[in-house]
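Everything on this sheet refers to the single structure shown next.
The values are calculated or read from the model by the stated rules, or taken from the named source; none is laboratory data. Here the structure is a predicted model, which means the values were calculated and not measured. Cβ placement follows ideal geometry from the backbone for every residue including glycine, while neighbour counts extend to all protein chains displayed. In case anyone asks, the SASA skips ligands and DNA or RNA and just uses the protein heavy atoms, side chains included. Shrake-Rupley method; radii C 1.70, N 1.55, O 1.52, S 1.80 Å.
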Amino acid sequence: MYVCGITPYDATHLGHAATYLAFDTLQRVLRDGGVEVDYCQNVTDVDDPLLARAAATGEDWVALAERETERFRQDMEALRVLPPRWYVGAVEAIPEIVELIAVLRDKGAAYDLDGDLYFPVSADPHFGSVANLDVDTMLRLSAERGGDPDRPGKKDPLDAALWRAARPAEPAWPSEFGPGRPGWHVECAAIALRRLGPTIDIQGGGSDLAYPHHELSAAHADVASGCWPFARSYVHSGMVGYLGEKMSKSRGNLVLVSRLRTDGVEPAAVRLALLGHHYREDWEWTGDDLAGATKRLLRWRRAVEQPTGPSAQTILAEVRRHLADDLDTPRALRCVDRWAAEALTRGGDDRHAPGLVRDMADALLGVDPSPSPPPSGLA
Ligand code: 5CA
Ligand code: ZN
């Protein structure tokens, strides 16, 4: 499984968190099914928006990327997101990215435009099969999402940059194509191919990555490896909105995970608030989500604190069934609600049930509803 990572120029917002929680749930469900998961994620620690932010604030781009990557890792840890097996930065991967570009060039799938190298989409007969969009939509999205369809001299406006020759005041690395820096899509193609091989099971990210990012990464990988499809499944999470628009660093309409944490909000409540929405749904964040999730967490907590409860075997089977059904976390959460309601109203005499529900919530949903341990020394 390869899941696209952050571009670290600002702090993790709830949209990012929802996306990484979707893939965390997927990893937990696969592991619960006895599957060993090779999970790789990148960090786009050099790219246009990061360099633009550093230039705008006068901060060193390396310091900015390091600080925000570290903050993201802390946010993910607080949310109990299981770390990927490989976590790879674009900068550290530059040698392998250059190798991949050389393979593409040797296969005739790269051309020079004023010193920059471009990938001709005509090189991949399967181009277009990931996002399945018409040309007009591809052109529009390409312009909105980091592409340059209007640049004169391109063979096809949808062709994507593989290597961008050094510009004044931009970082550059030496390569056989001259000094420069890598394009965005080839970064993920190279990092994934090197660690996971030519065919992966799952390529993941938010729905805004389907085109052009996943389409072009797949095209690079197809042509370089000669294997198709690059990913057996493309999994795209919905967009979280706030104040009427997609939550995004560039718009600045953000609710930050780190801010909620410093405000004293329990990460488990944030997690429950996000898992309360199906991962494919586009939805809008409001304070109601958090209030509801906090109440839910307290109810679960009170229920698992009981010495006995109603039997939980059926609940466990139902939770597994809902998660196996395209990761239906909202219904999985409602199953736990039903058990907790019964435990708190009618009770039950199963001594193992509260522990089983706690372990299930902990392992499958990443929420440990046990009461916080007493301060050390009193235990
Ligand atoms: N570094 C690239 C991927 S290689 C990138 O897109 N970085 S990002 O920081 O812009 O986004 C990181 C992940 O968060 C992506 O999967 C993106 O689709 C997802 N994401 C961004 N905004 C939202 C949002 N509002 N709701 C849900 N997911 C989002
Ligand atoms: Zn990516």
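Net charge in the neighbourhood of SER250 (other residues with Cβ under 10 Å of its Cβ; Lys, Arg +1, Asp, Glu -1) is +3.
Binning every alpha carbon pair distance of region 69-108 at 5 Å from zero, what are the percents per bin? Calculated P(r), rounded to whole percents: 6, 19, 17, 16, 12, 11, 9, 8, 4, 1. Across region 152-228, Cα pairs under 8 Å and at least six residues apart give a relative contact order of 26 percent.
Placing a pseudo-label 7 Å from each Cα along the Cα-to-Cβ vector at THR137 and ALA341 gives an inter-label distance of 3.9 nm. Within the full protein context, the accessible area of MET360 is estimated at about 10 Å² for a probe radius of 1.4 Å. Considering only alpha-carbon pairs that sit under 8 angstrom and 6 or more positions apart, the relative contact order computed for region 185-306 is 23 percent.
Taking the average, over residues, of other Cβ atoms within 10 Å as the packing measure, peptides 3-15, 137-149 rank 3-15, 137-149 from highest down. Less than 5 angstrom separates the built amide H of ILE200 from those of ALA231, ARG232, all sequence-distant by 5 or more or on a different chain. Ignoring lysines fewer than eight residues from LYS154 along the same chain, the ones with Cα atoms less than 26 angstrom from its Cα are LYS107. Computed over region 1-50, the P(r) curve from all C-alpha pair distances, binned at 10 Å from the origin, holds 23, 45, 24, 7, 0 percent per bin. Charge tally for SER311 (other residues, Cβ to Cβ under 14 Å; Lys, Arg +1; Asp, Glu -1): -1. Between ALA18, ALA363, ALA224, the residue with the greatest mean-square fluctuation in the GNM of the chain (Cα pairs under 10 Å linked by springs) is ALA363.
Here the translational diffusion coefficient of region 241-334 follows from Stokes-Einstein with Rh set to the Kirkwood radius across Cα pairs; for 25 °C and 0.890 mPa s it amounts to 162 µm²/s. Each of TRP228, TRP184 has its accessible area taken with a 1.4 Å probe; listed largest first, they run TRP228, TRP184.
Among residues other than ALA11 with Cβ under 9 Å from its Cβ, the summed charge is 0 (Lys and Arg +1, Asp and Glu -1).
Descending by average beta-carbon neighbour count within 10 Å, the peptides 50-62, 170-182 line up as 170-182, 50-62, the highest first. Extending 7 Å from the Cα toward the beta-carbon at both ASP325 and TRP86 defines two label points whose distance is 3.6 nm.
Projecting the Cα positions of HIS277, LEU50, LEU209 onto the charge dipole of the chain (unit charges on Cβ atoms of Lys, Arg, Asp and Glu, taken about the Cα centre) puts HIS277 furthest along the positive direction. Candidates MET1, VAL319, GLY153 compared by Cα position along the dipole of the chain: farthest toward the positive end lies VAL319, with charges placed on Cβ.
Give the share of C-alpha pairs in each 10 angstrom bin for the chain, from 0 to the last occupied bin, in whole percents, shortest bins first. Bin by bin from 0 Å, the calculated values are 5, 22, 30, 23, 12, 6, 2, 0. The apolar share of the surface of the chain, taken as the fraction of accessible area on carbon and sulfur atoms (1.4 Å probe, ligands and nucleic acids excluded), comes to 50 percent. Remark: relative contact order (the chain) = 18 percent; criterion is Cα-Cα distance under 8 angstrom and separation of 6 or more residues. For the set VAL35, VAL240, VAL29, the ranking by accessible area, highest first and with no ligand, DNA or RNA atoms included, is VAL35, VAL29, VAL240 under a 1.4 Å probe. Between ARG80, ARG351, ARG28, the residue with the greatest mean-square fluctuation in the GNM of the chain (Cα pairs under 10 Å linked by springs) is ARG351.
When the alpha carbon gyration tensor of region 197-272 is reduced to an equivalent ellipsoid, the three semi-axes, largest first, read 34, 15, 10 Å. Entry comment: accessible area of the chain is 45 Å² per residue, from protein heavy atoms only and a probe of 1.4 Å.
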